[in-house]
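Single-structure report; data block below.
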Amino acid sequence: MSNPIIEIKNIGKKYNITHQRGGYVTLRETIMNVLKSPLSFLKAKTKEEFWALKDISLNIQKGEVIGIIGKNGSGKSTLLKILSQITPPTTGEITLRGKIRSLLEVGTGFHPELTGRENIFLNGAILGMTKKEVVKKFNEIVEFSGIDKFLDTPVKYYSSGMYVRLAFSVAAHMESDILIVDEVLAVGDAEFQKKCLGKMKEMSTEAGRTIILVSHNMTAIEQMCSRVVLLEKGRATKIGPTIEIVNEYLDKFLEFGDGEITLTKKPGVDISFSKISITNEKNVITNNINYKENFYINLELDVFKETKDVDLGIYFKNSLNTDLVFSCLSDKSNGQLKTFKPGRYNFKVEFSGGFLMQGIYSIKISVHNPGILTIDSRDDVISFSILPPSGRPASRGGAGCVSIPNRWI
């Protein structure tokens, strides 16, 4: 086997953190304290060694797509900055056999006063492209980014989504051997995210480029990566096949609270949601549901004025938080709309297990007069995860629509 394109040997990154005792003090107070008692002022500060990364070792082959996952603060961005040669490691060494390009932050290398056209050339130059290379790829970059209408507008007027679309487009069309992509793709809309994933697949399979992808989106990780590195408190606790590592991450780290949320009344409405909860078969409130386990969505509704022909709706969205996976309406279940008199009402909807794939889902709820108006609607009101049994095939994050047997109780 040929030498790996990236060799990481026992790298670590240490930062020295200074702690100041006491609360906020003004500059005047600081100067007076130093003059009065220099030694006591020095004692008021303490230093601490913090290892953002510790003993990371990994070999990556040419054309491989590696995912890096973990909770916030686990060291993912620090690792990418070291690989991108933005910051050096404190210990260990890295061997790179090829050109490396990275997309770590939205708009890195862009000048706000320059237009999109001018920033393509500027960003390309910063990333190591010659003017001839940029001119050759210019039309492809603009077409992929989809910002041709605003090409001659200063980028300071761009949205964060437009920024990242242009930045990714420049990086994706460079002639590099290694591409590093951080979570910045989460800024783009669903259509562009899918477009980016398709482009990265093409780069890996057809051009043989190596890609390192950091993301909290398990759908993207599962679709793209052959191996995954799980970081925890600066250490690589697991390195292995995508299915195995993603399942462990979901089981161990993804917690969403107790699965019950109290909602505030929406002003000026006759009906308002007041509570939502998720329970399992044992009637325990939870946000983590086993794959084959039935689960329940519980809704509490306050009615302030008699209202006729009312319909309730529950909608599941996938982990990209964009695609509707499934919806169910109360009138479809009971065959008739309801008339509510003032008071508090509770509804329970049973969903059969084994229909939603492994992944993270968010819930939208609504109460409306069908075909007339929405009375109360709450987007992304609560989230939950479907945890697969060990060995179950990898999901695709709930992509696409499914039919889930359900029963309004």
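The values are calculated or read from the model by the stated rules, or taken from the named source; none is laboratory data. Given the structure is predicted, the values throughout are model-derived calculations rather than measurements. Cβ placement follows ideal geometry from the backbone for every residue including glycine, while neighbour counts extend to all protein chains displayed.
Checked against (1) at pLDDT 75 or above; (2) more than 26 Å from GLY234 (Cα to Cα), ILE17 passes all but condition (2).
The residues of the range 277-302 that are of a type in the set (A, V, I, L, M, F, W, C), surrounded by fewer than 18 Cβ atoms within 10 Å (Cβ to Cβ) and in contact with a strand residue (DSSP E or B) (Cβ under 7 Å, 6 or more places away or on another chain) amount to a single one, ILE285. Among the residues of the range 384-391, none qualifies, meaning not one is touching a strand residue (DSSP E or B) at 6+ places or on another chain (Cβ under 7 Å), modelled with pLDDT of 80 or more, outside the structural domain of SER215 (by TED's automatic domain parsing) and more than 26 Å from ASN288 (Cβ to Cβ). Summed over the range 85-143, residues that are farther than 11 Å from MET174 by Cβ, aliphatic (A, V, I, L, M) and in contact with a helix residue (DSSP H, G or I) (Cβ under 7 Å, 6 or more places away or on another chain) total 6. Within the range 112-129, at least one residue is over 26 Å from the mean Cα position of the chain (by Cα), in a loop (DSSP other than H, G, I, E, B) and farther than 20 Å from ILE147 by Cβ.
The set of residues from the range 131-167 being in contact (Cβ under 8 Å) with a residue 12 or more places away in the chain, acidic (Asp, Glu) and loosely packed, with under 13 Cβ neighbours inside 10 Å comprises GLU140, ASP152.
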